[in-house]
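Working notes, beginning with the structure itself.
The values are calculated or read from the model by the stated rules, or taken from the named source; none is laboratory data. On a predicted model such as this, the values are computed, not experimentally measured, just so you know. For neighbour counting, all protein chains shown are included, and Cβ atoms are generated from backbone atoms with ideal geometry for every residue, glycine included. Quick note on the areas: whole protein, heavy atoms, side chains included, nothing else; ligands and nucleic acids left out. Shrake-Rupley method; radii C 1.70, N 1.55, O 1.52, S 1.80 Å.
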Amino acid sequence: MLAKLTAAERAALGHSVPAWEMAAGRDALVRRFKFANFSEAFGFMARVALLAEAQDHHPEWSNVYNRVEILLTTHDADGLSARDVRLARAIDLIA
Ligand code: H2B
């Protein structure tokens, strides 16, 4: 079982991953992206997929045409862990 984020680490999320918000009803981060078209959205998803594999940490996500919604949580922690913050920051860099 991985460690969940501490209260202090949670309080810092607004600074470390300001583009992400807490998901409703889940101990998870969520961010919604909108692209010019499906091709741009799917290209982004392909890059995130490679990142997720490299980090062995995988998003829950959906795509509708030019929109992508990514939800990050750690199943092995049953909630948010440092792995989610690390992946969120890496996704921000390629967004
Ligand atoms: N992704 C996420 N989001 N949470 C996990 O707990 C997790 C994962 N665990 N990807 C990894 C894979 C684990 O199942 C493998 C065996 O390392």
Report task. Quick one: which residues, 5 or more positions from Gly79 or on another chain, have an amide H under 5 Å from its amide H? H modelled 1.01 Å from N in the peptide plane, none for Pro or chain starts. Result -> Thr74
Query raised in the report: Roughly what % antiparallel, to the nearest 5, for the DSSP beta bridges in the chain?
Result: 100
Query raised in the report: Which distance in nm do the two modelled labels at Arg86 and Gln55 give, with both placed 7 Å along the Cα-to-Cβ direction?
Result: 0.8
Requested in this report: Whole number in Å², please: accessible area per residue of the chain, 1.4 Å probe, ligands, DNA and RNA not counted.
Outcome: 59
Query - 222 nm mean residue ellipticity, helices alone, for the chain (DSSP H n ≥ 4; -39,500 (n - 2.57); rounded to 500) - result: -12500 deg cm²/dmol
Query raised in the report: How large is ³J(HN,Hα) for each residue in segment 2-16, as worked out from phi by the Karplus curve 6.51 cos²θ - 1.76 cosθ + 1.60 (θ = phi - 60°), to whole Hz, x for Gly and Pro?
Result: 7, 6, 6, 4, 7, 4, 5, 5, 5, 5, 7, 4, x, 9, 6
Query raised in the report: Tell me, what % of the accessible area of the chain is carbon and sulfur with a 1.4 angstrom probe?
Result: 55
